[in-house]
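Trainee: Can you keep this structure in mind? I'll have questions shortly.
The values are calculated or read from the model by the stated rules, or taken from the named source; none is laboratory data. Keep in mind it's a predicted model, so treat the numbers as computed, not measured. As a convention, Cβ positions derive from the backbone with ideal geometry for all residues, glycine included, and neighbour counts pool all protein chains shown. Only protein heavy atoms, including side chains, enter the accessible area calculation; ligands, DNA and RNA are left aside. Shrake-Rupley method; radii C 1.70, N 1.55, O 1.52, S 1.80 Å.
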Amino acid sequence: MKKEKKKLGLTSKIFISLILGCICGIILHYFVPESYIRDTVIVNGIFYVIGNGFLRLMKMLVVPLVFCSLICGSMAMGDTKSLGKIGIKTLVFYLLTTALAISVALGIANLINPGIGLDTSSLQTQETSVAESTSVADTLLNIIPENPMASLADGTMLQIIFFALFVGVLLAKLGERAGIVSNFVSQCNDIMMEMTSAVMYVAPIGVFCLIAKTFSGIGFSAFLPLLKYMIAVLIALAVQCFGVYQILLKVMSGLNPLIFLKKFFPVMAFAFSTATSNATIPLSIETLDNKLGVSRKISSFTIPLGATINMDGTSIMQGVAVVFAAQAYGIDLSGGDYMTVILTATLASVGTAGVPGVGLVTLSMVFTSVGLPVEAIGLIMGIDRILDMTRTAVNITGDAVCTTIIAHQNNLLDRDRFYASVRSDDNIT
Ligand code: ASP
């Protein structure tokens, strides 16, 4: 009898493509001479088209999926009271974990001293962009859409969340009177879920191409003078992701962190290869639901919210960057300055959009708050891509851990599904 071949699961496939992508990119960068075939056909042709095609497919899902699943979620939840409670809990959790993340970053940066002994002449400075500041009042007002259709068209996440929650609550209230609309939205939601699963079939190829393209363009020699800075950021990110979050998960929900990490890995890998939290929203909601048993009633709200305002990884980079720049420019930071950094970096995290590289722009807010020269950001720009990829993976893990804990506290977590063995099929369901 022919033995059935064991099929690789999505997690393993993505893991393999991640490693192969890195190796392929490094080989292309260092061992294949510049040529039309390498640069135009392979890197900027095949890798660019397939990688970005996949990314666009994922982005295509974001707005309709968030809109439909959020309406369905709030409709199922029904009352505004429990929605409000969950909303406040989530906000508090997000802000506290961000403040904690910056403290971890400041602690580790002060141990490693990334800016001491830095040879600035060996660095290439790049021009920096400065964040435009919006007042707190305007930031809050901006949550209410003036034109919900424009918010949907532009993908303005907080406005979409606001409008969808409103619609969902009203649909619940209207019941049968709006039955056709409720059914229509929940059927649209089913379509979007199916579409997410379908797009994930090509994820291993997409991840491979995105990573290979990125690594083929990175010159590792630029890393050397900034190695201490990079190591400090990476250690702080690892402490937050594998230490702080997993302890919180264990203590606050009793769930096994290793199972969480294993099942959530494809989402982290996707965030790493794309460096965008926004595009990761559909996959994160899908994985939390299908593999980790977290109800969409919660995740459809907390995940898009987190991808927009909760950037723990970004604030870690900002914390280390502050210590780095202060040391490089010989500026002493007082205890009060550190408190200011914790506060402004938490706000900067709220203001950072979940797209590549924005963390560096909002960093200017943090630098200005403690009198550091904004030009210092130019020093770390050249090597930011790898850190951006890594911190995005941490950003979305923070959202997912918080979501899982809050789902557990509200009886919206299916523990059997969380502990069910990972099925080795190609689908994420
Ligand atoms: N790329 C990050 C994200 O999308 C934001 C940043 O730190 O630049 O989460």
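Trainee: Could you give me the residue pairs with C-beta distances under 6 Å whose first residue belongs to the range 352-365 and is modelled with pLDDT under 90, whose second residue is near the ligand (Cβ under 7 Å from one of its atoms) and among the acidic types (Asp, Glu) wherever it lies, and which are 6+ apart or on separate chains?
Mentor: Between residues of the range 352-365 that are modelled with pLDDT under 90 and residues that are near the ligand (Cβ under 7 Å from one of its atoms) and among the acidic types (Asp, Glu), the close pairs are Gly357/Asp388.
Trainee: Related question: I need a count of the residues in the range 241-300 that are more than 16 Å from the ligand (Cβ to nearest atom), closer than 28 Å to Gly107 by Cβ and among the hydroxyl-bearing types (Ser, Thr, Tyr).
Mentor: 1
Trainee: Among the residues of the range 54-96 satisfying the criterion of being among the charged types (D, E, K, R) and within 23 Å of the chain's Cα centre (by Cα), which is surrounded by the most Cβ atoms within 10 Å (Cβ to Cβ)? Show your work before the answer.
Mentor: Narrowing the range 54-96 to residues among the charged types (D, E, K, R): 56, 59, 79, 81, 85, 89.
Next, only the ones that are within 23 Å of the chain's Cα centre (by Cα) stay: 56, 59, 89.
Working: Arg56: 11, Lys59: 18, Lys89: 16.
Applying the filter and picking the extreme gives Lys59.
Yes or no, residue by residue, for (1) in a helix (DSSP H, G or I); (2) within 11 Å of the ligand (Cβ to nearest atom); (3) open to solvent by 10 Å² or more (accessible area, probe 1.4 Å); (4) more than 30 Å from Phe223 (Cβ to Cβ):
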{"site": "Val320", "(1), (2), (3), (4)": "yes, no, no, no"}
{"site": "Gly330", "(1), (2), (3), (4)": "no, no, yes, no"}
{"site": "Val341", "(1), (2), (3), (4)": "yes, no, no, no"}
{"site": "Thr346", "(1), (2), (3), (4)": "yes, no, yes, no"}
{"site": "Val355", "(1), (2), (3), (4)": "no, yes, yes, no"}
{"site": "Ile377", "(1), (2), (3), (4)": "yes, no, no, no"}
{"site": "Arg385", "(1), (2), (3), (4)": "yes, yes, yes, no"}
{"site": "Asn395", "(1), (2), (3), (4)": "yes, yes, no, no"}
{"site": "Ile405", "(1), (2), (3), (4)": "yes, no, no, yes"}
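Trainee: Now, a different point. If Ser121 passes every condition in (1) open to solvent by less than 40 Å² (accessible area, probe 1.4 Å); (2) modelled with pLDDT under 80 but one, which one does it miss?
Mentor: For Ser121, the failing item is (1).
Trainee: Conditions: (1) open to solvent by 20 Å² or more (accessible area, probe 1.4 Å); (2) closer than 27 Å to Ser182 by Cβ; (3) among the hydrophobic types (A, V, I, L, M, F, W, C). Ala99 meets all but one. Number of the miss?
Mentor: Of everything listed in (1) open to solvent by 20 Å² or more (accessible area, probe 1.4 Å); (2) closer than 27 Å to Ser182 by Cβ; (3) among the hydrophobic types (A, V, I, L, M, F, W, C), Ala99 misses just condition (2).
Trainee: I need a count of the residues in the range 219-243 that are open to solvent by 20 Å² or more (accessible area, probe 1.4 Å), under 26 Å from Gly51 (Cβ atoms) and of a type in the set (Val, Ile, Thr).
Mentor: 0
Trainee: Looking at (1) within 14 Å of the ligand (Cβ to nearest atom); (2) open to solvent by less than 10 Å² (accessible area, probe 1.4 Å), which is the only condition Gly351 fails?
Mentor: (2)
Trainee: Now for a separate question. Scan the range 238-253 for residues that are closer than 16 Å to Asn395 by Cβ and either of a type in the set (Ser, Thr, Tyr) or in contact with a strand residue (DSSP E or B) (Cβ under 8 Å, 6 or more places away or on another chain) (or both) and report the count.
Mentor: Qualifying residue count, the range 238-253: 1.
Trainee: Follow-up question, since we're still on this one. Please pick out the residue among Phe184, Phe223 that is part of a helix (DSSP H, G or I), within 26 Å of the chain's Cα centre (by Cα) and aromatic (Phe, Trp, Tyr). Outline the logic, then answer.
Mentor: Details: Phe184 fails: within 26 Å of the chain's Cα centre (by Cα).
Testing whether each residue is part of a helix (DSSP H, G or I), within 26 Å of the chain's Cα centre (by Cα) and aromatic (Phe, Trp, Tyr) leaves just Phe223.
Trainee: OK, next. Please work out which residue is farthest from the chain's Cα centre (by Cα), limiting yourself to the range 361-371 and to residues that are of a type in the set (A, V, I, L, M) and open to solvent by 10 Å² or more (accessible area, probe 1.4 Å).
Mentor: To start, the set of residues in the range 361-371 that are of a type in the set (A, V, I, L, M) comprises 361, 363, 365-366, 370.
Restricting the remaining residues to those that are open to solvent by 10 Å² or more (accessible area, probe 1.4 Å) gives 361, 365, 370.
On the way: Val361: 17, Met365: 21, Val370: 27 Å.
Out of the qualifying residues, it is Val370.
Trainee: Looking only at the range 282-307, which residues are among the polar types (S, T, N, Q), under 23 Å from Val244 (Cβ atoms) and surrounded by fewer than 24 Cβ atoms within 10 Å (Cβ to Cβ)?
Mentor: Of all residues in the range 282-307, those among the polar types (S, T, N, Q) come to 284, 287, 290, 295, 299-300, 302.
Imposing the further condition that a residue be under 23 Å from Val244 (Cβ atoms) reduces the set to 284, 287, 299, 302.
None; the set is empty.
Trainee: Which residue is farthest from Thr276 (Cα to Cα), if the candidates are limited to the range 357-369 and must be among the small types (Gly, Ala, Ser) and in a helix (DSSP H, G or I)?
Mentor: Here is the first cut: in the range 357-369, the residues among the small types (Gly, Ala, Ser) are 357, 359, 364, 369.
From the residues that got through so far, the ones that are in a helix (DSSP H, G or I) too are 359, 364, 369.
Values: Gly359: 11, Ser364: 20, Ser369: 26 Å.
Within the range 357-369, the match that is farthest from Thr276 (Cα to Cα) is Ser369.
Trainee: A follow-up question, please. May I ask you to list the residues in the range 168-212 that are within 30 Å of Lys81 (Cβ to Cβ) and of a type in the set (Val, Ile, Thr)?
Mentor: Initial filter on the range 168-212 (within 30 Å of Lys81 (Cβ to Cβ)): 168-190, 192-193.
Those that are within 30 Å of Lys81 (Cβ to Cβ) and of a type in the set (Val, Ile, Thr): Val169, Ile180, Val181, Val185.
Trainee: If you go through the range 194-216 one residue at a time, how many are farther than 15 Å from Thr274 by Cβ and open to solvent by 50 Å² or more (accessible area, probe 1.4 Å)?
Mentor: 4
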